[in-house]
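Have a look at the structure below before the remarks.
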Amino acid sequence: MKRTTLSVSVLALAAMTATAATARDNVQVAGSSTVLPYASIVAELFGENTDLPTPVVESGGSSAGLARFCEGVGENTIDIANASRAIRQKEIDACAENGVTDIIEVRIGYDGIVFASQKDGPAYDAFQPADWYLALAAELPVDGAMVANPNTTWAEVNGDLPAEEILAFIPGTKHGTREVFEEKVLLQGCEDTGALAAMEAMGMDEDAAEAACMAVRADGRSIDIDGDYTETLARVDANANALGVFGLAFYENNTDSLKVATMGGVAPSTETIASGDYPVSRPLFFYIKAAHLGVIPGLKEYAQFFMADEIAGPDGPLAAYGLVSDPELAATQAMIEAEQTMGN
């Protein structure tokens, strides 16, 4: 983990002590495995450089973290949910049903989804979304009917790819990364190949056709990984022809064992994500339970510390780990200061 020397301004920002009485004296965070390393860096620095306890940061996936966040208000519930996607309306509704009515949405920056294989494995040099759709779709439209995906090698999908057996380890459905993968890769590939239009011509409505585009085969060629990226890396390490779906930051910290492919002819990097050139990128978030502000010591201070220029800015430790700094960082800082909740 990279360390940093903090400026006086950041130390002053976080050297506050909450005075509200509570049975719990530390901030508790859970959620996205993509956001986990960033939150862990911040939690460690926060504990080292302030008079407040080090926050407890757990993983579990975006959906699982938001489910815990929405369980209710009180010291037995978490204060912050990390997410690699925006909170869904059904989750906002679930929160409201349990008394979590005021939520602060904090966008921490941007990350990219990358496609990587063993360092010394086959050369999967370039991909288009269509390749992944044709490789992983459960069914494909053929002559007016949906048939089980017949493709078994990448060369059958695209003649310019290696004649290697299709084996992909992708994020499980509880991960925010999965939603981005489905929408920006599988659905895009389905549209690009004309499959979406073919399904609609067969009589499927738009929702059914899109669902079919994003349905993944279950014959062992595509395997969901419910754990974090370290589990995906272990699977790729154990299978010479395998491909894994990772966050950019994780890949950049494992270049000794992984090699990355381009998508749409663009190599993933902080620069190509910041410019918008790399097509598979997404914003990252954390959500604060506003009812816990002033009750759980250090909650607001942690959020302010996390989003300070010296931490989340382009020259901070999060950028060094792979986060693409948000160009609207100042607006986020002002929102946290004002404790501005969603919808207000």
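The values are calculated or read from the model by the stated rules, or taken from the named source; none is laboratory data. Since the model is a prediction, treat every value here as computed from it, not as a measurement. FYI the Cβ positions are ideal-geometry reconstructions off the backbone, even for glycines, and counts take in every protein chain you see. Note: accessible area is taken over every heavy atom of the protein model, side chains too, but ligands, DNA and RNA are not part of it. Shrake-Rupley method; radii C 1.70, N 1.55, O 1.52, S 1.80 Å.
Exactly one residue out of 120, 79 is of a type in the set (D, E, K, R), open to solvent by less than 10 Å² (accessible area, probe 1.4 Å) and over 30 Å from residue 202 (Cα atoms), and it is 79.
The selection criterion, being loosely packed, with under 14 Cβ neighbours inside 10 Å, closer than 20 Å to residue 268 by Cβ and more than 15 Å from the chain's Cα centre (by Cα), holds for residue 160. Among the residues of the stretch 88-109, those that are surrounded by fewer than 21 Cβ atoms within 10 Å (Cβ to Cβ) and assigned to a loop (DSSP other than H, G, I, E, B) comprise 88, 98, 99, 101, 102.
Looking across the stretch 190-244, the residues that are over 16 Å from residue 129 (Cβ atoms), in a helix (DSSP H, G or I) and of a type in the set (S, T, N, Q) come down to 230, 232. So is residue 146 open to solvent by 50 Å² or more (accessible area, probe 1.4 Å), over 22 Å from residue 235 (Cβ atoms) and not in a helix (DSSP H, G or I) or not? Criteria not met by residue 146.
Taking the listed residues 331, 274, 320, the one that is over 20 Å from the mean Cα position of the chain (by Cα), more than 22 Å from residue 52 (Cβ to Cβ) and not in a strand (DSSP E or B) is 331, with no other qualifying. Taking residues in the stretch 83-101 that are more than 18 Å from residue 30 (Cβ to Cβ), and partners anywhere that are part of a loop (DSSP other than H, G, I, E, B), the pairs with Cβ atoms closer than 6 Å and at least 6 places apart or on different chains are 99/72; 99/73.
Looking across the stretch 102-155, the residues that are touching a residue at least 40 places away in the same chain (Cβ under 8 Å) and of a type in the set (Ser, Thr, Tyr) come down to 110, 117, 124, 133, 152. Filtered by the rule that a residue be open to solvent by 20 Å² or more (accessible area, probe 1.4 Å), under 24 Å from residue 179 (Cβ atoms) and not in a helix (DSSP H, G or I), the stretch 34-70 gives 57, 58, 59, 60. From the list 143, 131, the one residue that fits, being charged (D, E, K, R), farther than 19 Å from residue 240 by Cα and in contact with a helix residue (DSSP H, G or I) (Cβ under 8 Å, 6 or more places away or on another chain), is 131. Inside the stretch 130-166, residues that are closer than 16 Å to residue 197 by Cα and touching a Lys or Arg at 6+ places or on another chain (Cβ under 7 Å) make up a count of 1.
Can you find a residue in the stretch 285-305 that is over 30 Å from residue 98 (Cα atoms) and modelled with pLDDT of 95 or more? Taking every residue of the stretch 285-305 in turn, none turns out to be over 30 Å from residue 98 (Cα atoms) and modelled with pLDDT of 95 or more.
With respect to (1) part of a loop (DSSP other than H, G, I, E, B); (2) more than 29 Å from residue 305 (Cα to Cα), the lone exception for residue 115 is condition (1). For first residues located in the stretch 214-243 and without any contact (Cβ under 8 Å) to a residue 24 or more places away in the chain and over 25 Å from residue 84 (Cα atoms), partners that are hydrophobic (A, V, I, L, M, F, W, C) and in a helix (DSSP H, G or I) and lie 6+ apart or on another chain with Cβ distances below 8 Å do not occur. When restricted to residues that are farther than 19 Å from residue 324 by Cβ, basic (Lys, Arg) and at pLDDT below 50, the stretch 1-56 contains 1.
Going through (1) open to solvent by 10 Å² or more (accessible area, probe 1.4 Å); (2) closer than 15 Å to residue 322 by Cβ one by one, residue 300 falls short only on (2).
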